[in-house]
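Asker: For reference, the structure I am asking about is given below.
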Amino acid sequence: MLSLLFIGIRLEQQFGFVRIGAIYLLSGFGGSVLSALFLRNSYISVGASGALFGLLGSMLSELLMNWTIYSNKAIHSVGSVALKMVEEVHRQFNTILGLMEGTGKPDYATYVKICTDASINEMIPRDVTEPLLVEVDQIYHLACPASPIFYKHNSVKTIKTNVIGTLNMLGLAKRVGARILLTSTSEVYGDPLEHPQIEAYWGNVNPIGVRSCYDEGKRVAETLMFDYHRQHGIEIRIARIFNTYGPRMNIDDGRVVSNFIAQAVR
Ligand SMILES: O=C(O)[C@H]1O[C@H](OP(=O)(O)OP(=O)(O)OC[C@H]2O[C@@H](n3ccc(=O)[nH]c3=O)[C@H](O)[C@@H]2O)[C@H](O)[C@@H](O)[C@@H]1O
């Protein structure tokens, strides 16, 4: 019963109630028919093990289908910790006298720290347009250059980040049941005809202009967020960020406030 609960919830989040329900009923029915065929004498067999094995089979096939993603991630994290360990051993042999002869004492605490740091917090450099399999409680989808100079530089990549990237992050949120935040933009209002813009204003956006990869990309991203919320019950947050500026910002960022400041100081 417990395994059914754990496996069932996980598969249902990923593939939906209808598909998993159908697999459950079909494999339960198939299992019962097969066991009836092979039962000798006139025993009566009761149980849902056929249905449970059907779910286990689906889980196994999902693992096999996504094998490269699972194995790449595992190999990547194990590999990077192993490399850090080797480097630390190398460093200690070079800096602690008498280690080779057994008179010096190794710094065990650093080895332990490398292992615990890696298991607590591992940074995984990834492209958001590729599927990502991790276990998380919250997702902050901040990917996408926000400055016109940078988002226009590779406009196709910008729209991919907003559309495919947001789909992937919502798929991840759906699978693990995480809450997701999307950083959107004041540019969803385009060239607004209302000032100031309130949240209920729908905007005035050019769908084919040079800024559209960003404006329309973020609009699709917002649509996806609401569709996943309505259809899959994902808990969502959207922040429409207006012009921000602050320390360590690139002087050639290209956004209005920093442009004014840069022109004043130059
Ligand atoms: O086309 C459809 O008919 C279906 O499309 C989506 O379902 P699906 O394509 O199975 O994908 P999701 O589970 O919503 O995930 C979206 C994306 O997120 C990615 N993903 C999923 C899970 C995960 O852990 N990580 C991750 O990157 C997947 O690769 C996928 O491309 C919708 O969720 C369904 O409602 C819809 O019926």
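Asker: Might you let me know whether segment 180-190 holds any residue that is without any contact (Cβ under 8 Å) to a residue 60 or more places away in the chain and open to solvent by 70 Å² or more (accessible area, probe 1.4 Å)?
Answerer: no
Asker: Further question on the same structure: Please go through segment 10-40 and give me each residue that is of a type outside the set (Lys, Arg) and within 16 Å of the ligand (Cβ to nearest atom), ordered by number.
Answerer: If the condition is that a residue be of a type outside the set (Lys, Arg) and within 16 Å of the ligand (Cβ to nearest atom), then Leu11, Glu12, Gln13, Gln14, Phe15, Gly16, Phe17, Val18, Ile20, Gly21, Ala22, Ile23 are the ones that fit.
Asker: Among the residues of segment 222-231, is any in contact (Cβ under 8 Å) with a residue 60 or more places away in the chain and within 27 Å of the chain's Cα centre (by Cα)?
Answerer: Yes; the residues of segment 222-231 include at least one that is in contact (Cβ under 8 Å) with a residue 60 or more places away in the chain and within 27 Å of the chain's Cα centre (by Cα).
Asker: Same structure again: Which of the residues that make up segment 211-266 are open to solvent by 70 Å² or more (accessible area, probe 1.4 Å) and within 16 Å of the ligand (Cβ to nearest atom)?
Answerer: Thr223, Phe226, His229, Arg230, Gln231, His232, Glu235
Asker: For residues that are in contact with a strand residue (DSSP E or B) (Cβ under 9 Å, 6 or more places away or on another chain) and touching a residue at least 60 places away in the same chain (Cβ under 8 Å), scanning just segment 163-179, find the one that is farthest from the ligand (Cβ to nearest atom).
Answerer: Ala173
Asker: Would you be able to say whether some residue in segment 200-207 is under 18 Å from the mean Cα position of the chain (by Cα), assigned by TED's automatic domain parsing to the domain that holds Thr161 and surrounded by 14 or more Cβ atoms within 10 Å (Cβ to Cβ)?
Answerer: Among the residues of segment 200-207, not one is under 18 Å from the mean Cα position of the chain (by Cα), assigned by TED's automatic domain parsing to the domain that holds Thr161 and surrounded by 14 or more Cβ atoms within 10 Å (Cβ to Cβ), which makes the answer no.
Asker: State all residues of segment 128-162 that are open to solvent by less than 70 Å² (accessible area, probe 1.4 Å), within 11 Å of the ligand (Cβ to nearest atom) and not hydroxyl-bearing (Ser, Thr, Tyr); if no residue qualifies, say none.
Answerer: Val128, Pro131, Leu132, Leu133, Val134, Val136, Ile139
Asker: If I ask for residues that are among the acidic types (Asp, Glu) and either surrounded by 13 or more Cβ atoms within 10 Å (Cβ to Cβ) or more than 37 Å from the chain's Cα centre (by Cα) (or both), which ones from segment 76-109 would you list?
Answerer: Within segment 76-109, Glu88, Glu101, Asp107 meet the criteria.
The values are calculated or read from the model by the stated rules, or taken from the named source; none is laboratory data. Model, not experiment: these values are computed from the prediction. Virtual Cβ from ideal backbone geometry, glycine too; neighbours counted across all protein chains shown. Remember, those area values only see protein heavy atoms, side chains included, never the ligands or the DNA or RNA. Shrake-Rupley method; radii C 1.70, N 1.55, O 1.52, S 1.80 Å.
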